[in-house]
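Peer 1: Before I ask anything, let me first share the structure, which is written out below as structure tokens.
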């Protein structure tokens, strides 16, 4: 009985590790920079939403203090599928300009969206990008808006 349990455990671990080890050859690295009124836009969350025939579930990324970001799949792996994407950029900040606490639920947070719906709403965003085979390091977005505090 002990031998059977060990065999089952080995098979389960091997199948999980095997699934994580393969990489999709259609995925490509994506990075860029976000500016707001010509200044680096830190603390922004970017969401890439697949359009048309683009495969996969898209991805997300966060800007650092210099506005730089890298997109990761929703599974946390670098890169996303080659294709066309609608891009949503959100920047939720507390009234004092600080980001919300990571463990604070949005409903309990005082943080509010500081970017206009033309960037921050999935239904109204005007931002798009095409991820080419081989990826891109220049998926840059120059946002213009009155800064809300």
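Each value in this text was obtained by applying a stated rule to the coordinates, not by laboratory testing. What you are looking at is a predicted structure, and each value in this text was computed from that prediction instead of being measured. Note that we place each Cβ from the backbone using ideal geometry, even for glycine, and neighbour counts take in every protein chain shown.
Peer 1: Any idea how far apart residue 118 and residue 101 come out in nm if each label point goes 7 Å out from Cα toward Cβ?
Peer 2: 3.6 nm
Peer 1: In what sequence do 105, 121 fall when counting other Cβ within 10 Å, fewest first?
Peer 2: 105, 121
Peer 1: Find the centroid of the Cα atoms in segment 75-102 and in segment 117-131, then give the distance between the two in whole Å.
Peer 2: Using only Cα atoms, the two centres lie 12 Å from each other.
Peer 1: I'd like the FRET efficiency for residue 146 and residue 94, computed as 1/(1 + (r/R0)^6) with the beta carbon distance as r and R0 of 25 Å, rounded to 0.05.
Peer 2: That gives a FRET efficiency of 0.85.
Peer 1: Something else about it: What is the fewest-to-most order of 64, 103 by other Cβ atoms lying within 10 Å of their Cβ?
Peer 2: 103, 64
Peer 1: Just the projected area, averaged over all directions, of the convex hull on the alpha carbon atoms of segment 25-143: how many nm²?
Peer 2: Value for segment 25-143: 7.5 nm².
Peer 1: Can you say what percent of the DSSP beta bridges in segment 25-143, counting only those with both residues inside, are antiparallel? Round to 5.
Peer 2: 85 percent
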